[in-house]
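Have a look at the structure that comes next, please.
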Amino acid sequence: MKRQIAVIVEHTGNRILPVTYESLSFAMELGERLGLNLSVLILGNSIEAMAKQLAERTGSHVTGIKGAQLESYNGEAYKGAIVEILEAFDPSYICMPHTATGFDLAPRIAFFLNASCVTSVEKIRVREGNIRFIRSMFNGKLHAEMAPATAKAVLTILPGAWPSLEIHPGSKGSVHIIRTNFSPIASQTLEIKESRKEKLNLGDADVIISAGRGIRKPANLHLLEELAKIFPKSVLGSSKAACDLGWLGYQHQIGITGQTVSPRLYIACGISGAVQHISGMRGSQTIIGINSDPDASIFNAADYGIVEDLETFIPTLLEEFRHFSESS
Amino acid sequence: MKLLVCVKQVPDSEGHLSINQEGSWVTYEGKTAFRMNRFDEFAIEEALLIRDHISHDKQTSINAVSVGPPRTSLTLKKAMAMGADEGIHILWDQNLYMSPFDTASLIASYAKDKAYDMILTGVMAEDDMHCLVGQFIAEILGYPCATSVIHQEIINGGSQLSVEREIESGRRECLRLNLPAVLTIQSGINTPRYPSLSNVIRARDQKIITMDAENLQTLKKREELVSLSYPEPSSKGFFLDGTQREKAQTLLRILHEKSFI
Ligand SMILES: Cc1cc2nc3c(=O)[nH]c(=O)nc-3n(C[C@H](O)[C@H](O)[C@H](O)COP(=O)(O)OP(=O)(O)OC[C@H]3O[C@@H](n4cnc5c(N)ncnc54)[C@H](O)[C@@H]3O)c2cc1C
Ligand SMILES: Nc1ncnc2c1ncn2[C@@H]1O[C@H](COP(=O)(O)O)[C@@H](O)[C@H]1O
């Protein structure tokens, strides 16, 4: 039998998360290169409909692991319910999205299976027949090529790095549901609380001016406010770092743990370009980065890069704007 | 209660990073500034808040541990200046990459017979960005673990923890853990304090316990970093050039052409 590449599905409220289809797309690509069979694993309590949907869309075999203790994610319960099944399946690779669930679960499984664990994979590279996984370090300033030193590897896939899986024609796939009554002993998930953050709908804005730690002091926020005024429908966004410092409320935060936005124009001011931030704004139509560090990785995402100190650049820009509007 | 906080020293990554000749890691030049990983500042602060909260327990102690070359001792001093009682330096005198599994294996080997009630780490190291070390320590020691923790509270007379972890879109997962446990702390959980002058002076005289990484038992290697490279510059973007004023003018022209203004 062909060796397997397994994908663990992430879902919430009976809905498969879009990042799962990106991990599936990654697994298809790696599977094709290495001649591995894709198999899909989904854990939960009411998973039948999702399992069927996955089988149809991937044309692969879907194993559902069902139990009352799996109603919502719990690292200990998920690990307990899945490791024996994974030992039997013996996949060479186990993949899942790099989310708070993914990076919680991946090392638990890797430890048990004596597997390597590579997180936040964004590219596959083949060198002299060896598979390497590329991931970012130093807020995206460097790329590292990682190689598993073991027979098996558990990988988490960076959201946004692979396209969503197309519907797979041909085979209809198949579903097999296994029941488990594994109960966690040392930890218990009680509930999922919805975001407590006040709602600020960044999604409606045409233009977002975002502040990062690089604005250096809250007093400089007024520069961004002035800049925002030159655009009709604009709001202030921010990086998590600027929120953590108390400069802006969390309702302004953009990124994986904040809001996902795709305005027509996004201006990142003093933001380094960490993957967790980029994930939340890469869908913007035009991206401008203002950063004093020419190596900042925000420039890899930007359409226009401006290497300047924003404390002097934004005032100059505002001054030029006044000339511009007087003359036009 | 005995608390252990893992702190990592990281380079301040504003500015250019040079890759060494072998392409295996970064060479830090004399001017590189090092500091405590920011997520670990939140972990230290959280430990200090726990100690304040259970001040009736006079036995509460906070140890800070770090794996790294000699310069790492400065980061341990900072942890002590913030208020940690003791610094433990697992000395690994090489400027090379260490995998998260190896780091965790060293810290777990140190911690295993010390009866810590809680081990705190940051959710992520700003340099290598794995989000793994805390979970691996928990697995090696067989402790329960919660990642990306944004709130914690000791409950049931000190036998359990009530925890909230931050997941996507700002939602929170609430769980309960038995102690001993490992928590990986997310930024924003608190406001890390600046060391007070008296604490800085006290920390200056405090000794750091140093042990050689080679004398600790470690587990077999799991994954390797083969090489580092600079990301290919994006094909879509370009830099505006000229003086500051010229850049401002160019930008306004672009914004006008695209009918933003
Ligand atoms: C699980 C997890 C979830 C996360 N979720 C999010 C999220 O949702 N959103 C998010 O944003 N982050 C998130 N993060 C944090 C993320 O990893 C980064 O730490 C954060 O985005 C950094 O914010 P920053 O770019 O503002 O700060 P820094 O990384 O400190 O960057 C500051 C930048 O400002 C520049 N600068 C400094 N001075 C000036 C000046 N005078 N003029 C111009 N530029 C200047 C510097 O060159 C630097 O590039 C998350 C992290 C984890 C582990
Ligand atoms: N060399 C180290 N010494 C001490 N703690 C570390 C070290 N490396 C990582 N950690 C801890 O593990 C956390 C997560 O690191 P990482 O898994 O590398 O992203 C950090 O925030 C630190 O608390």
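The values are calculated or read from the model by the stated rules, or taken from the named source; none is laboratory data. On a predicted model such as this, the values are computed, not experimentally measured, just so you know. No Cβ is skipped: glycine too gets one built from the backbone with ideal geometry, and neighbour counts run over all protein chains shown.
Which of the numbered conditions does residue B:252 fail, given that it passes all the others? Conditions: (1) over 30 Å from residue A:232 (Cα atoms); (2) assigned to a helix (DSSP H, G or I); (3) within 13 Å of chain A (Cβ to nearest Cβ).
The one condition residue B:252 does not meet is (1).
Further question on the same structure: Hey, could you check region A:80-108 for residues that are under 20 Å from the mean Cα position of the chain (by Cα) and away from ligand 1 (no atom under 16 Å from the Cβ) and say which is nearest to residue B:11 (Cα to Cα)?
Applying the filter and picking the extreme gives A:108.
Within region B:205-219, does at least one residue satisfy the condition of being in contact with a strand residue (DSSP E or B) (Cβ under 8 Å, 6 or more places away or on another chain), within 11 Å of chain A (Cβ to nearest Cβ) and at pLDDT 95 or above?
There is no residue in region B:205-219 that is in contact with a strand residue (DSSP E or B) (Cβ under 8 Å, 6 or more places away or on another chain), within 11 Å of chain A (Cβ to nearest Cβ) and at pLDDT 95 or above.
Quick one: residue A:211 ticks every box in (1) more than 7 Å from chain B (Cβ to nearest Cβ); (2) within 16 Å of ligand 2 (Cβ to nearest atom) except a single one, so which number is it?
Failed condition: (2).
Which condition does residue B:46 not pass, out of (1) within 16 Å of ligand 1 (Cβ to nearest atom); (2) without any contact (Cβ under 8 Å) to a residue 24 or more places away in the chain; (3) outside any loop (DSSP other than H, G, I, E, B), if it passes all the others?
Of the numbered conditions (1) within 16 Å of ligand 1 (Cβ to nearest atom); (2) without any contact (Cβ under 8 Å) to a residue 24 or more places away in the chain; (3) outside any loop (DSSP other than H, G, I, E, B), the odd one out for residue B:46 is (2).
Considering A:81, A:106, which residue is in the same structural domain as residue A:155 (by TED's automatic domain parsing) and within 16 Å of ligand 2 (Cβ to nearest atom)?
One residue alone meets the criteria, A:106.
What number of residues within region B:1-26 satisfy the criterion of being closer than 15 Å to residue B:117 by Cα, under 20 Å from the mean Cα position of the chain (by Cα) and in a loop (DSSP other than H, G, I, E, B)?
Within region B:1-26, residues that are closer than 15 Å to residue B:117 by Cα, under 20 Å from the mean Cα position of the chain (by Cα) and in a loop (DSSP other than H, G, I, E, B) number 0.
Can you list the strands (runs of 3 or more DSSP E) lying wholly within region B:102-202 that have 1 or more residues being under 21 Å from the mean Cα position of the chain (by Cα) and facing chain A (nearest Cβ under 8 Å)?
B:145-155, B:160-166, B:181-185
Since residue B:134 meets every condition but one in (1) within 16 Å of ligand 1 (Cβ to nearest atom); (2) farther than 16 Å from residue A:111 by Cα; (3) not polar (S, T, N, Q), which condition does it not meet?
Only one criterion in (1) within 16 Å of ligand 1 (Cβ to nearest atom); (2) farther than 16 Å from residue A:111 by Cα; (3) not polar (S, T, N, Q) is unmet by residue B:134, namely (2).
Is region B:73-88 home to any residue that is within 13 Å of ligand 2 (Cβ to nearest atom), within 14 Å of chain A (Cβ to nearest Cβ) and either polar (S, T, N, Q) or in a helix (DSSP H, G or I) (or both)?
No, the conditions are met nowhere in region B:73-88.
How many residues, within region A:241-274, are at the interface with chain B (Cβ under 9 Å from one of its Cβ atoms) and near ligand 1 (Cβ under 7 Å from one of its atoms)?
Of the residues in that region, 7 qualify.
For residue A:179, only one of the following conditions fails: (1) under 30 Å from residue B:160 (Cβ atoms); (2) touching a Gly at 6+ places or on another chain (Cβ under 6 Å). What is its number?
Of everything listed in (1) under 30 Å from residue B:160 (Cβ atoms); (2) touching a Gly at 6+ places or on another chain (Cβ under 6 Å), residue A:179 misses just condition (2).
Can you spot a residue in region B:27-39 that is over 19 Å from residue B:193 (Cβ atoms), within 16 Å of ligand 2 (Cβ to nearest atom) and either touching a Gly at 6+ places or on another chain (Cβ under 7 Å) or assigned to a loop (DSSP other than H, G, I, E, B) (or both)?
Yes, some residue in region B:27-39 is over 19 Å from residue B:193 (Cβ atoms), within 16 Å of ligand 2 (Cβ to nearest atom) and either touching a Gly at 6+ places or on another chain (Cβ under 7 Å) or assigned to a loop (DSSP other than H, G, I, E, B) (or both).
With respect to residue B:18, is the statement that it is at pLDDT below 95, within 15 Å of ligand 1 (Cβ to nearest atom) and within 13 Å of chain A (Cβ to nearest Cβ) true?
Answer is no for this residue.
Can you list the strands (runs of 3 or more DSSP E) lying wholly within region A:127-204 that have 1 or more residues being touching a strand residue (DSSP E or B) at 6+ places or on another chain (Cβ under 8 Å), more than 9 Å from chain B (Cβ to nearest Cβ) and over 30 Å from residue B:23 (Cα atoms)?
Strands (runs of 3 or more DSSP E) meeting the threshold: A:174-179.
Answer yes or no: is there a residue in region A:23-32 that is under 27 Å from residue B:176 (Cβ atoms) and either of a type in the set (Gly, Ala, Ser) or surrounded by fewer than 24 Cβ atoms within 10 Å (Cβ to Cβ) (or both).
Kept after step one, since they are under 27 Å from residue B:176 (Cβ atoms), are these residues of region A:23-32: none.
No, every residue in region A:23-32 fails to be under 27 Å from residue B:176 (Cβ atoms) and either of a type in the set (Gly, Ala, Ser) or surrounded by fewer than 24 Cβ atoms within 10 Å (Cβ to Cβ) (or both).
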